[in-house]
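A.B. asks: Supplied in structure tokens, the structure appears directly below.
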Amino acid sequence: MLGRIRRMVAGAETASGTGAEPQLSIVVIIYDMPAQAANTLESLTTGYQVGVDETDYEVIVVENGSANNLPAAVIDTLPGNFSYVLRKDAEPTPAHAINLGASRARGSHVCIMIDGARMVTPGLVRHLLLGHRLSAKAVVSVPGYHLGRELQQEAVNSGYGLDEERELLRSIGWPADGYRLFDIACFSGSCAAGFFLPNSESNCISMPRGIWDQLGGYDTRFDLRGGGFINLDFYKRACELPGVMHVIALGEGTFHQFHGGVTTGGQAAELREAYLEASKRQYRDLRGEDFSPPRTRPTYLGELSVRVQPFIHRSSQNLVQSRAEPDAGACRQC
């Protein structure tokens, strides 16, 4: 596989990739998270994904350079349907990296994973492709989780960190059975409402190239470090686009690994709150209103393993409770 990967540094391609155009292009953004990114990329290979092969999809890895870039040893072992771009002197927001990755996409559908620290389940690629077969205007999203028993920004105050997370992954024998990630996870803050109430974002959202072009990609005016509400904004704009069919692959998931990120890395509570307020303010300035999750009538797609059943149960409880308490299960991030 070495030598087939397309490598690009600061946008300059240095080797040719595979020739055939894939159905799906997955853009993965990474920054200062080499170990976590390596896990994520492994979970996107055909050795881990089921029911697909390399000709079905490509993975475009865009790294905003830091002191801890993805090691060459990892890059050199990526499969032939992967390509890698290193951006030097990158902006604080991931918007430019995302749009660059999408501009390199060869697939008829574009999927964005804004956070490269999110491992995925083995049926994710197959269900993205199945979702797009339902409608020419399908926007397919995947629910998000955090590794650990509680949100990482809260768990870190109880001592949760890299060592604890490595032990959790060891305990389920990852990557032998990727669906066991559900056994060691909780809903992420933006998906706290569960499957049957509006979520605020998805860290894996896929759409036809025409819809991507219509939306104009990610808005580079969201220029806060980490992007602020940039992903929430894009998810809302995509899901609320007239004529779109929102498809949720509820049997699959993305699982956030601890890496010291802007909102989950254990910063002091007052710093996280200040960042959240700045993000809300910027969204209000750009969109002229406060953020609210998109309200859609989703089509649910997937094969529901026993591992995801507790989350279906919790989602149903949230839905029933919301009838008596409208704020029950609300997003804990926005």
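The values are calculated or read from the model by the stated rules, or taken from the named source; none is laboratory data. All values derive from a computational prediction rather than experimental measurement. All Cβ positions, even for glycine, are placed from backbone atoms using ideal geometry, and neighbour counts span all protein chains on display.
A.B. asks: Of the residues that sit in segment 285-310 and are among the charged types (D, E, K, R) and loosely packed, with under 15 Cβ neighbours inside 10 Å, which one is farthest from L241 (Cα to Cα)? Give the derivation first.
C.D. replies: Let us first name the residues in segment 285-310 that are among the charged types (D, E, K, R), namely 285, 287, 289-290, 295, 297, 303, 307.
Keeping just the survivors that are loosely packed, with under 15 Cβ neighbours inside 10 Å gives 285, 287, 289-290, 295, 297, 303.
On the way: D285: 21, R287: 15, E289: 17, D290: 18, R295: 11, R297: 13, E303: 27 Å.
Among them, the one singled out is E303.
A.B. asks: Keeping to segment 107-144, report how many residues are polar (S, T, N, Q), in contact with a His (Cβ under 9 Å, 6 or more places away or on another chain) and under 19 Å from R297 (Cα atoms).
C.D. replies: 1
A.B. asks: Here are some conditions: (1) surrounded by 18 or more Cβ atoms within 10 Å (Cβ to Cβ); (2) modelled with pLDDT of 95 or more. S135 meets all but one. Which one does it not meet?
C.D. replies: Every listed condition holds for S135 apart from (1).
A.B. asks: Inside segment 1-75, counting only strands (runs of 3 or more DSSP E) that do not spill past its ends, which hold 2 or more residues that are at pLDDT below 95? It would help to see each step written out before you state the result.
C.D. replies: Values: elements: 6-9, 24-30, 57-64.
Ranges flagged: 6-9.
A.B. asks: Consider Y218 carefully, then state whether it is assigned to a helix (DSSP H, G or I), surrounded by 22 or more Cβ atoms within 10 Å (Cβ to Cβ) and at pLDDT 95 or above. Talk me through it step by step, then tell me what you get.
C.D. replies: Details: assigned to a helix (DSSP H, G or I): no; surrounded by 22 or more Cβ atoms within 10 Å (Cβ to Cβ): yes; at pLDDT 95 or above: yes.
The answer is no for Y218.
A.B. asks: Right, something else. Mind telling me which of the residues E289, E270, E277 ends up being without any contact (Cβ under 8 Å) to a residue 12 or more places away in the chain, more than 26 Å from A38 (Cβ to Cβ) and assigned to a loop (DSSP other than H, G, I, E, B)? Steps first, answer last, please.
C.D. replies: Details: E270 fails: assigned to a loop (DSSP other than H, G, I, E, B); E277 fails: assigned to a loop (DSSP other than H, G, I, E, B).
It is E289.
A.B. asks: Can you tell which of S188, S206 is in contact with a Phe, Trp or Tyr (Cβ under 7 Å, 6 or more places away or on another chain), crowded, with 22+ Cβ neighbours inside 10 Å and within 28 Å of R314 (Cβ to Cβ)? Spell out the reasoning first.
C.D. replies: Values: S206 fails: in contact with a Phe, Trp or Tyr (Cβ under 7 Å, 6 or more places away or on another chain).
Just one listed residue meets the conditions, S188.
A.B. asks: Touching a helix residue (DSSP H, G or I) at 6+ places or on another chain (Cβ under 7 Å), at pLDDT 95 or above and over 22 Å from A105 (Cβ atoms), is that true of G228? Walk me through it before giving the result.
C.D. replies: Details: touching a helix residue (DSSP H, G or I) at 6+ places or on another chain (Cβ under 7 Å): yes; at pLDDT 95 or above: yes; over 22 Å from A105 (Cβ atoms): yes.
Against the criterion (touching a helix residue (DSSP H, G or I) at 6+ places or on another chain (Cβ under 7 Å), at pLDDT 95 or above and over 22 Å from A105 (Cβ atoms)), G228 qualifies.
A.B. asks: For F255, which of the numbered conditions (1) touching a helix residue (DSSP H, G or I) at 6+ places or on another chain (Cβ under 7 Å); (2) assigned to a loop (DSSP other than H, G, I, E, B); (3) closer than 27 Å to V110 by Cβ fails to hold?
C.D. replies: It is condition (2) that F255 fails.
A.B. asks: Read through the list (1) part of a helix (DSSP H, G or I); (2) modelled with pLDDT of 95 or more; (3) surrounded by 15 or more Cβ atoms within 10 Å (Cβ to Cβ), then give the number of the only condition that S322 fails.
C.D. replies: Evaluating S322 over (1) part of a helix (DSSP H, G or I); (2) modelled with pLDDT of 95 or more; (3) surrounded by 15 or more Cβ atoms within 10 Å (Cβ to Cβ) leaves (2) as the failure.
A.B. asks: For residues that are without any contact (Cβ under 8 Å) to a residue 60 or more places away in the chain and closer than 21 Å to A35 by Cβ, scanning just segment 73-123, find the one that is surrounded by the fewest Cβ atoms within 10 Å (Cβ to Cβ).
C.D. replies: A73
A.B. asks: If S316 passes every condition in (1) at pLDDT 95 or above; (2) over 20 Å from Y145 (Cβ atoms); (3) of a type in the set (G, A, S) but one, which one does it miss?
C.D. replies: Against the list (1) at pLDDT 95 or above; (2) over 20 Å from Y145 (Cβ atoms); (3) of a type in the set (G, A, S), S316 comes up short only on (2).
A.B. asks: Does segment 85-103 contain any residue that is more than 25 Å from F229 (Cα to Cα), over 16 Å from the mean Cα position of the chain (by Cα) and of a type in the set (K, R)?
C.D. replies: no
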